[in-house]
Structure formats: structure tokens, C-alpha cells
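The values are calculated or read from the model by the stated rules, or taken from the named source; none is laboratory data. These numbers come from a predicted model, not from an experiment. Virtual Cβ from ideal backbone geometry, glycine too; neighbours counted across all protein chains shown. Surface accessibility is based on the protein's heavy atoms, side chains included, excluding ligands, DNA and RNA. Shrake-Rupley method; radii C 1.70, N 1.55, O 1.52, S 1.80 Å.
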Amino acid sequence: MRLRLVGTGDVRVEVGPREDRVLVEGVTVTLGGSDEPLELNHPADGSPQVINKWGRVAKSFEDKDDGFFDALLSSTREIADFLRDECGIEAFLHCGSLLGPVRDGDLIPNDDDSDLAYLSVCTNPTDIALESYRIERALSAAGYDFVRHSTGHIQVMFPGRSMIDRYYVDIFTCFEVSGWFYATAHAHEPMDSMRIHPLGTMEVRGHELPVPADPSTIFVAMYGPGWATPDPSYQYETPPQVARRYYWWQNHFDAYREDWEDFWRCNSSLASDPRPSDFALWAAERLTDGAGVYEMGCGDGLTACHLAADRPVLASDYARPALMLARERAERADVDVRFFQSNQYSTRQTSHALHEAASLGGPVDVVVENLFDGMHFLGWDGTMRVMRHLLGLGGAALVGVGGGCHGHDLAADEPRGDRFWNPQEFADRLDRFGMRIDSVEIVDPQGPSPRHRYLIRKARP
């Protein structure tokens, strides 16, 4: 497990035996010179957090009251009923939400969500994905707020205070391909060993919820034969060949999103600064006459709001807290910017963004700051396609890379992404997509974090 903590205080690390190994035995680590215990409480609302099996700091059930659990389980039942009634999908409790009640008679105290899954009726990866998108359309039509992690994982969000979700309900796709059972980007077991249907029910804190016919077959597939013994240090160990199948069958739309959402929740004060960044000033001087603007990866809307003074502006980001801050900024500045959520890793969502950008009319300038150097390589092609299409309308792309938010140096808690910047690789990728660099400026070229600013145009039809 790799973990990056930002703060001061003492951390005592105790990791028990795993098989015949003792990884760490009672080590105290001091961060920042303080001898006070380091608290993992959420900086936005003070709620306790844990380090989960994904190696992330996350909220947990530890301080929650009966009202919280009643709401969580009612929402879980609501989503299960919705999937059955509106989509013809028979969902059941899954992962920790199933393991705790079966093994311990209650929810796992350090869990942080509710998990549902369903067994797809399809056996081809493309059809399995299309089935999940059918569920997505139904959820959207019903007004649910959700995030798609992959073509096999939807997370339905239930609001809490301000930018913090109270809880969420996962919907995982389990499926069979060529006689093998797959689930939750990890499981890989012979299908004939699984006993999922017909579903049964189980009472969890007074709520009757659907469960597989034999939950132990799910547990063996997910956690191995030792599932009945609690293991606080458990981590998924997915064989490489299985991981590759999940990666290319279901893709991954979530790279760094949770990091950025955490960043904006913890740094919302940045959105109170009305001063435009140097990049925003640079971009404003180079916009095409009469062009609208589409900004991808807009963050808290600083650049979009500055550019909206004399032209229509559309802006998107995949971090929901950032969009909340951006809309608040636009309201304070009394400018008209249309913000919407879009994920550069999803071809469906970038195609929708092109549809939105068409409403600007005429030429469209594309503005992109700290996106290419802050995203996973899987997001490059989708972003390039949007740029190529919109530059065909006569505008230009203004791209900034290097440094941190608002032109500052990279903050300690700012997501790094793929920060190693290769200008030649960028130019080659542009050429492949029929674009060329018209000009490039390098700010502070000898400094620790040089900033590149590109003016890009379409090279050929």
C-alpha cells in the first residue's frame, strides 16, 4: 500500500502478519516535527476517516448513528427496487455490504459505502457495457446524481453537507465470459462454481435486502478461501492477465478524479480569489475575434469567468466540487458561464461536450490549462478529438501546462497526474490528430517548474 499524507503529527503504524510475513511491527513516524497524534479527520467537516483497501483516506461508518444507517440501507433498497422495476435487473448486496452481515451479523465498521451488484444476462464485453449504459440512462432520467467509474461500475451519490456526499451506493456489474465469472475488477472464478440465482433475502438492521443464493461463492471469488477471517490489511491482488481483461473490456474513467475532488473540498478558499491568473490574461489576448470559448478541465472556473466578460463561454470538469465552486464564482462575478460535468476519459461524454459546444455558434476557441500534464494518458486522445473537431470551425486552442492551480507552484496536496512533460510527444500527438503548434512560450524556463503555453491550430482538413 502506498499512501501520501500531508500534515504534522505522530502516526503509529502497525501491520499484522500476512501469511508468514510481518510487514511492519509497531513503528511510530513523526511528520512535520509535531508530537501530537495525526488526525485523519476530514478537513471539511471533521468526520473521522480511515485508510481503505484501495490505499485512500476515506470516510467510514465509525462515528455514524442509527439515523445514518437507516438512510443508507433505505437508499440501498431503493436502488435495488429501481433496478428491478425500471431496468429488469435483479441486484443483490455485494462486497463489504454482503460480507459484514453474513460473517459478523452487521455492517463492517470501517466500511464507507453500500454495494450492490447484478449478474449480466450478456456474455460479450460490448453487450455488457451497453447494458450498463442502459442503466445509466434510466438513472439519469429519474434524476439520480451518479458517477461512472468504468463500464462496469456506477456510483449513485446521495448529498450531504455542501460539497460532501453523505454516502453513495455502488452498482457493480458481474458477468460471465467464456465460462469464467468476473466481478468488481478483480474476481476470476469458473462460472460453474458460482451460486447467485435464485436470489434470497437477508435482514440488515431491520431492512430486508436481496442477497445471492450462496454468498460464500462470491466471497471466495472476491477475497479467497480465507474470507471468514477478518483481515484489516486485506488488499486485492489481481493476476496481471485478469487485470488486463478488466482494463480493456471495461476501461477506467476515474483516473485522479477522487484526488481532485478531495483537493477542491480542502482548498475551496482558492475560489474566493477573483484575480485572473497569468494564463487567463495570456489566453484573453489571443482569443479569436467573434469566437465562443470552451474550457476543458475548468477547475473552480477562474479562467472561464475571466474570459466570459465579452463572449459566450462553456466550461466543464469531472470533479463535482470544482463545478460547485465554479458556479458560485460565476454568480459572484455576475458573468454567464455554462458549466457542466464531463469526463475526458469517456468518449461518450466528450461527444456530448461537442454537442454542447455546437450551441456556441460560429468559431470556438478551446482553452485547456494544466490538463494534459495532469491526466492519465488514456485521457489524451479524447481531449485531442474535441480540440480537432472544434478547431475545424475556425478557432484556436490555447493550452497551458506546468505549475499548479491559478498559476501557482504545485501545492503539496495537489494531484500530480502524469506530470512528466514531454514537449516532443505532445507535438507528435497533435500531428497525428491533424493539428500544429502555431507558437509556444516558456515561462521561467530555468526555474523548478517551467510553464509552457501553446497556441494551436488545425493543420489540415
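What the table below lists for this structure:
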| quantity | calculated |
| --- | --- |
| Top-ranked residue of region 134-150 - restricted to ones that are touching a residue at least 12 places away in the same chain (Cβ under 8 Å) and in a helix (DSSP H, G or I), ranked as surrounded by the fewest Cβ atoms within 10 Å (Cβ to Cβ) | ARG134 |
| Unique match (being under 20 Å from ASP106 (Cα atoms) and among the β-branched types (Val, Ile, Thr)) among THR126, THR217 | THR217 |
| Hits in region 90-99 (condition: assigned to a loop (DSSP other than H, G, I, E, B) and open to solvent by less than 10 Å² (accessible area, probe 1.4 Å)) | HIS94 |
| Extreme residue, most open to solvent (accessible area, probe 1.4 Å), among residues of region 422-461 that are among the hydrophobic types (A, V, I, L, M, F, W, C), within 20 Å of LEU393 (Cβ to Cβ) and in a strand (DSSP E or B) | ILE437 |
| Filter result (open to solvent by 10 Å² or more (accessible area, probe 1.4 Å) and not in a loop (DSSP other than H, G, I, E, B)) within region 363-373 | GLU369 |
| Boolean, ARG77 is under 29 Å from THR184 (Cα atoms), open to solvent by 40 Å² or more (accessible area, probe 1.4 Å) and either at pLDDT 70 or above or part of a helix (DSSP H, G or I) (or both) | yes |
| Strands (runs of 3 or more DSSP E) fully within region 164-265 counting 2 or more residues that are in contact with a Lys or Arg (Cβ under 7 Å, 6 or more places away or on another chain) and under 26 Å from ALA58 (Cβ atoms) | 207-211 |
| Tally, over region 183-220, of residues that are touching a strand residue (DSSP E or B) at 6+ places or on another chain (Cβ under 7 Å), among the charged types (D, E, K, R) and open to solvent by less than 60 Å² (accessible area, probe 1.4 Å) | 1 |
| All positions within region 266-286 that are free of Cβ contacts under 8 Å to residues at least 12 places away in the same chain and not in a helix (DSSP H, G or I) | ARG275, GLU285 |
| Selection within region 221-271 - on the phi > 0 side of the Ramachandran plot and open to solvent by 50 Å² or more (accessible area, probe 1.4 Å) | ASN251, TYR256 |
| Qualifying residue in region 112-133 (condition: hydrophobic (A, V, I, L, M, F, W, C) and either exposed (fewer than 13 other Cβ atoms within 10 Å of the Cβ) or free of Cβ contacts under 8 Å to residues at least 24 places away in the same chain (or both)) | yes |
| Qualifying residue in region 316-328 (condition: in contact with a strand residue (DSSP E or B) (Cβ under 6 Å, 6 or more places away or on another chain) and basic (Lys, Arg)) | yes |
| Extreme residue, surrounded by the most Cβ atoms within 10 Å (Cβ to Cβ), among residues of region 161-181 that are over 18 Å from the mean Cα position of the chain (by Cα) and either among the charged types (D, E, K, R) or within 23 Å of PHE340 (Cα to Cα) (or both) | GLU176 |
| Members of region 133-150 found to be modelled with pLDDT of 95 or more and of a type in the set (Ser, Thr, Tyr), listed by number | TYR133, SER140, TYR144 |
| Pair list, Cβ < 8 Å and 6+ apart or interchain, from region 82-95 residues that are without any contact (Cβ under 8 Å) to a residue 60 or more places away in the chain to residues that are open to solvent by 30 Å² or more (accessible area, probe 1.4 Å) and hydrophobic (A, V, I, L, M, F, W, C) | GLU86/ALA142 |
| Per-region count, region 357-416, residues of a type outside the set (Lys, Arg) and touching a residue at least 60 places away in the same chain (Cβ under 8 Å) | 38 |
| Check on ALA255, in contact (Cβ under 8 Å) with a residue 40 or more places away in the chain and among the small types (Gly, Ala, Ser) | yes |
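Condition check ((1) at pLDDT below 95; (2) among the charged types (D, E, K, R); (3) crowded, with 20+ Cβ neighbours inside 10 Å; (4) part of a loop (DSSP other than H, G, I, E, B)) across all residues:
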{"position": "PRO321", "(1), (2), (3), (4)": "yes, no, yes, no"}
{"position": "ALA326", "(1), (2), (3), (4)": "no, no, yes, no"}
{"position": "VAL335", "(1), (2), (3), (4)": "no, no, no, yes"}
{"position": "PHE340", "(1), (2), (3), (4)": "no, no, no, no"}
{"position": "HIS355", "(1), (2), (3), (4)": "yes, no, no, no"}
{"position": "GLY361", "(1), (2), (3), (4)": "yes, no, no, yes"}
{"position": "GLY379", "(1), (2), (3), (4)": "yes, no, yes, no"}
{"position": "VAL386", "(1), (2), (3), (4)": "no, no, yes, no"}
